[in-house]
Amino acid sequence: MKILVINAGSSSLKYQIIDMDTELTAGKGTIERIGVKGSNLKQTNLETGKQFEINKAIKNHMEAFSMLSEAIVDKEFGIIADVKEIYGIGHRIVHSGGAFNSSVYITPEVLDICKKNISFAELHMPAHISCIESCLSLMPNTPNVAVFDTVFHATMPDYASMYAIKYEDFEKYKIRRYGFHGTSHKFVTSEALKYLGNPEYSKIITCHLGNGSSIAAVKNGQCIDTTMGFTPLEGLVMGTRSGDIDPAVVAFLSEKMQCSAADVVEYLNKECGFYGLTGCSDLRDVAALYNSGDKKAILAANLFAYRIKKYIGSYYVALGGLDAIVLTGGIGENSRFAKKLIFDGLECLGIKLDSARNLKFEGNKIQEIQLSDSKVKILVIKTDEELLIARDTKAIVSTLDKYN
């Protein structure tokens, strides 16, 4: 049973074909620079090792998916022999707009709701919708499933998800905290609970740390709070995002810089964070500067770690205790530097990092990196958002089969 997983960006399309009998990826590819000069497709068959690349103009996501559908069945370099092998197509959709609380089979009604939610993520939702429409047109007999990046956080209580704005404005504009990175948080939560063996009575904090970063408080398998809000800008210090900031700064900078509020939000998203403080958006570069004594890099790294510590402390209280902290994402999995900074000072909560175990993460199994007398486990788990999408797609399509 093979699932095609689609992750469409504003000018890109990533895809994988996962064999659900083994949960291994049979092949994957990327299509980049859609709609701009220099567009191309790169694909790898992971079973044969064969790779190939196509460089040609790709006007839109419809053309991109058409190219994809031909590439995956290419006689020499393809991943499968026939598109009929694909049991279902899972789409990563960035925003549910609060309309869905789980992954769903895509019907015309679901697609219409997604179109109404474009304003929540104007850079990404049109690409998602275009890919769905392409799949429905080019592979009409294959069911499609929407896996929303926000729905893992739909279980947040109202006092955690609401902003203290006029209630009628919340109802009219759906302004609330949605949270993001949901597929990653859900995947590592599932893996952690299997590892801990206590899914019904668990208290964990999941930390997805990468160029974009967020933390979630998860009680008994359900999210009760997360750091990102109405958009991914809220929360932690990130590669180019400022994270938490007084909203009055937007009006202040708009006046001082003589630009629109939208321009300031763009600035906070793309010119701040590590990049704004140091000129480097990658924590590895920040760490190198930190170790050389660069004052701005020291400030950026300490600000990053301090913000994470604050959220861990607050979520410890929100959860009423803590069984484990899960680290994932490029930084969470690989940066010894970041882990040392993050856990230094959390001993007061009984959280103790073992420096000797904080080694290079191999990624093939869950790794514990806490001291033996730590009251809280520290787990490093490699995230796999595509596998989570494939699992949800398989489950939903299997349910459809029961009624056909």
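We did not get these values from a lab; they are worked out from the coordinates using the rules stated. Note that the coordinates shown come from a computational prediction; the quantities given were computed from them, not determined experimentally. Ideal geometry is used to build each Cβ from the backbone, glycine not excepted, and the neighbour counts take in all protein chains shown.
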* **Base-10 log of normalised Debye intensity for segment 141-289 (one unit scatterer per alpha-carbon) at q = 0.12, 0.14, 0.18 Å⁻¹** => -0.62, -0.81, -1.12
* To do: Averaging over all projection directions, find the projected area of the Cα convex hull of segment 215-256 and quote it in nm² with one decimal place.
  => 3.7
* To do: Provide the gained length on full extension for the span VAL36 to TYR201, in nm with one decimal, where the gain is 0.36 nm per separating residue minus the Cα-Cα distance.
  => 54.4 nm
* Asked: What is the pair-distance distribution P(r) of segment 97-156, computed from all Cα-Cα distances in 10 Å bins starting at 0, with each bin given as a whole percent?
  -> 21, 56, 21, 2
* **Net charge, THR107 excluded, C-beta distance under 14 Å - Lys, Arg +1, Asp, Glu -1** => -2
* **Candidate aspartates and glutamates - alpha carbon under 17 Å from LYS75, same-chain residues fewer than 8 apart omitted** => GLU47, GLU53, GLU85
* Asked: Within segment 237-260, whose backbone N sits under 14 Å from a point 7 Å along Cα→Cβ of LEU303?
  -> 237-246
* Long-range Cα-Cα pairs in segment 316-387 (distance over 17 Å), rounded percent -> 41
* Go through LEU138, GLY221, SER119 and say which Cα lies farthest out towards the positive end of the charge dipole of segment 116-249; charges sit on Cβ, +1 for Lys and Arg, -1 for Asp and Glu. => GLY221
* Among the aspartates and glutamates, which fall within straight-line cross-link reach of LYS203, defined as a Cα-Cα distance under 17 Å, with same-chain neighbours fewer than 8 residues apart omitted? -> GLU191, ASP225, ASP323, GLU368
* To do: Rank-order 118-128, 153-163, 219-229 by packing density, defined as the average count of other C-beta atoms within 10 Å over each peptide's residues, highest first.
  => 219-229, 118-128, 153-163
* Anisotropy class of segment 14-105 from Cα gyration tensor, a/c 1.5 cut -> oblate
* Structure fact -> At 37 °C in a medium of viscosity 0.692 mPa s, the chain has a Stokes-Einstein diffusion coefficient, with Rh taken as the Kirkwood radius over alpha carbon pairs, in µm² per second, of 146
* Structure fact -> In segment 41-132, the trypsin sites (Lys or Arg not before Pro) that sit in a DSSP loop and have at most 13 other Cβ atoms within 10 Å of their own Cβ are LYS56, LYS59, LYS75
* To the nearest Å, what is the center-to-center distance of segment 347-365 and segment 132-193, using C-alpha atoms only? -> 31
* When the distances between all Cα atoms of segment 225-356 are binned every 10 Å from zero, what whole-number percent does each bin get? -> 11, 38, 33, 15, 3, 0
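Of the cross-linked pairs LYS166/LYS219; LYS309/LYS360; LYS2/LYS394; LYS116/LYS270, which ones have a Cα-Cα span greater than 19 Å in the structure shown?
Details: LYS166/LYS219 29 Å; LYS309/LYS360 22 Å; LYS2/LYS394 9 Å; LYS116/LYS270 26 Å.
Beyond 19 Å: LYS166/LYS219; LYS309/LYS360; LYS116/LYS270.
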* **Distant-in-sequence amide H partners of ILE378 (H built 1.01 Å from N, under 5 Å)** => ILE325, ILE369, GLN370
* Rounded to 5, percent antiparallel among DSSP beta bridges of the chain -> 70
* Structure fact -> The Cα extents of segment 77-177 along the principal axes, largest first and rounded to whole Å, are 56, 24, 21
* To do: Within 10 Å of each residue's Cβ, count the other Cβ atoms and sort PHE77, PHE252, PHE152 from fewest upward.
  => PHE252, PHE77, PHE152
* Asked: Tell me, in nm to one decimal, what length is gained between LYS50 and SER314 on full extension, where the rule is 0.36 nm per residue of separation less the Cα-Cα distance?
  -> 90.2 nm
